[in-house]
């Protein structure tokens, strides 16, 4: 894996409304779910009921910090919809995660996205340092050549003048 880590987003449609309304259920999921996918919970979940400006926009939102990043759930019971995010600095089985949430909320349809975040994040500082030092060694002779020959590089336009 390159970069910081995977980010799973899941949009669930046609979910069981009673389950989407259940603060205790969402708390339990956020309390137990991290260990089920190999993550480390570092605080108790925070779950609350939200009432939007429009009556149909009310729902339950929950969040748990994990050592690897976070997991969040937002529900809209009137719309039978939920969104889930799992962001982690280490790999996890996204199929297990999706399957579990689909089953718990009795989803009829879902949309899943899984992508890597932070493609250039330096996971290994020592390795990154070696790469940067190596690149500088390659560039130094060019800089010396430019100085010796009176060649200037315009910083604004990246042009030789």
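None of the figures in this text is laboratory data; all of them are computed from the coordinates on show. Just so we're clear, the structure is a prediction, and the values are computed from it rather than from any experiment. For neighbour counting, all protein chains shown are included, and Cβ atoms are generated from backbone atoms with ideal geometry for every residue, glycine included.
Give me 107, 43, 112 sorted ascending by neighbouring Cβ count inside 10 Å, so fewest comes first.
Ascending Cβ contact count within 10 Å gives the list 43, 112, 107.
Want the number for residue 21 to residue 57: 0.36 nm per residue separation, take away the alpha-carbon distance, what's left?
11.7 nm
How large is the convex hull of the Cα atoms of the stretch 1-95 per residue, expressed in Å³ as a whole number?
So the per-residue hull volume is 99 Å³.
In what order do 119, 31 fall by count of nearby beta-carbon atoms within 10 Å, going from fewest to most?
Listing 119, 31 from fewest to most nearby Cβ atoms yields 119, 31.
Just grab the label-to-label distance for residue 31 and residue 115, each label 7 Å out from Cα along the Cβ direction, in nm (one decimal).
So the two model labels end up 3.5 nm from each other.
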